[in-house]
Each structure stands twice: as structure tokens, then as C-alpha cells.
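The values are calculated or read from the model by the stated rules, or taken from the named source; none is laboratory data. Since we're looking at a predicted model, the values are computed, not measured. In this analysis, Cβ positions are derived from the backbone assuming ideal geometry, glycine residues included, and neighbour counts consider all displayed protein chains.
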Amino acid sequence: MKQVEFEKYKSLEDPKNPFCNLYELDDGSLFYVEPIFYTHLKAYEEHFKDRYQEILDRIEEVVRRNKKVVFTGNFECPQTEVEGYIYLEIQDITNPLKIFIDDKSNPDSDWKD
């Protein structure tokens, strides 16, 4: 899957995780981007064009600090299985930036039409 936001990083292949993109920063830090995470990321781009670069900068900052990161759609059921990595969802990046998308599709929500 082409992920233009991360083309500036070195792209690697992991035969054990062929469905997720793996990237390496110039300092040797590694990160995987699962397709569902990328889909969520693109939703933030659509809703927050003016803050999208801030989100991308935060992703790089988190990778540099933690060295090995899997950006997953669901940390309880990740698509990528690797040892020694931390697993983060899109909200782990956007919540500290106070960037929120209100999900009204939650059936347990108090939101009713």
C-alpha cells in the first residue's frame, strides 16, 4: 500500500508481516503502519487539513523516542506481530494534540437521533 506521507523514510520489507508497511528513520528507529491505522490517519487529514502536518510530526517524534513502534488499528488485535515494539492507535497520537473526531457510531453512546 502506497503511503505518501512516509515516502521520505527508508522503506523495508518484513516477510513475516507482508500486509503492513515498515519504515526506518535516519536514526535507525523502525515503525510499521497497518492499513487500518493509515485509513484512520487519512480521515484526520480530511477533517483537519490545517493540523495534518502536526499529526505527522507527532508520529515521527513518537517513533524517535520509542525506537520501535507499530501503528495499529486496534492494539487488542493487531495485524502485525513483532516483539519489542510498542503498539499505538491513532488516538494515541491525536489525543495529546487535542485533535478529536467524534465517533457517533458507538452503540453504547448516549447520542441518539
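Give the residues of the range 39-85 that are closer than 18 Å to Asn95 by Cβ, aromatic (Phe, Trp, Tyr) and in contact with a Phe, Trp or Tyr (Cβ under 9 Å, 6 or more places away or on another chain), sorted by residue number.
The answer is Tyr44, Tyr52, Phe71, Phe75.
Just checking, which of Val62, Val69 is assigned to a strand (DSSP E or B) and surrounded by 13 or more Cβ atoms within 10 Å (Cβ to Cβ)?
Result: Val69 is the single residue among Val62, Val69 that is assigned to a strand (DSSP E or B) and surrounded by 13 or more Cβ atoms within 10 Å (Cβ to Cβ).
What's the total number of residues in the range 1-50 that are assigned to a helix (DSSP H, G or I) and touching a Pro at 6+ places or on another chain (Cβ under 9 Å)?
Looking only at that region, the number is 0.
Would you please name the residue that is nearest to the chain's Cα centre (by Cα), looking only at residues in the range 95-113 that are outside any loop (DSSP other than H, G, I, E, B) and either more than 17 Å from Arg64 (Cα to Cα) or modelled with pLDDT under 95 (or both)?
In this case the residue turns out to be Asn95.
Looking at the structure I just gave you, is Phe31 touching a Leu at 6+ places or on another chain (Cβ under 9 Å) and modelled with pLDDT under 95?
Spelling it out, it is not the case that Phe31 is touching a Leu at 6+ places or on another chain (Cβ under 9 Å) and modelled with pLDDT under 95.
Given the conditions (1) hydrophobic (A, V, I, L, M, F, W, C); (2) free of Cβ contacts under 8 Å to residues at least 60 places away in the same chain; (3) exposed (fewer than 13 other Cβ atoms within 10 Å of the Cβ), which single one is not true for Phe19?
Among (1) hydrophobic (A, V, I, L, M, F, W, C); (2) free of Cβ contacts under 8 Å to residues at least 60 places away in the same chain; (3) exposed (fewer than 13 other Cβ atoms within 10 Å of the Cβ), the lone unmet condition for Phe19 is (2).
Condition first: in contact (Cβ under 8 Å) with a residue 24 or more places away in the chain and farther than 16 Å from Asn17 by Cα. Now tell me which residues in the range 75-91 satisfy that.
Answer for the range 75-91, where residues must be in contact (Cβ under 8 Å) with a residue 24 or more places away in the chain and farther than 16 Å from Asn17 by Cα: Leu88, Glu89, Ile90.
For Leu56, state whether it is among the aliphatic types (A, V, I, L, M) and touching a helix residue (DSSP H, G or I) at 6+ places or on another chain (Cβ under 6 Å).
When the stated conditions are applied, Leu56 passes them.
Taking Val4, is it loosely packed, with under 14 Cβ neighbours inside 10 Å, among the β-branched types (Val, Ile, Thr), within 29 Å of Asp102 (Cα to Cα) and free of Cβ contacts under 8 Å to residues at least 60 places away in the same chain?
So Val4 fits the description; yes.
Listed residues Gly73, Gly84; which is among the small types (Gly, Ala, Ser) and in contact with a strand residue (DSSP E or B) (Cβ under 6 Å, 6 or more places away or on another chain)?
One residue alone meets the criteria, Gly84.
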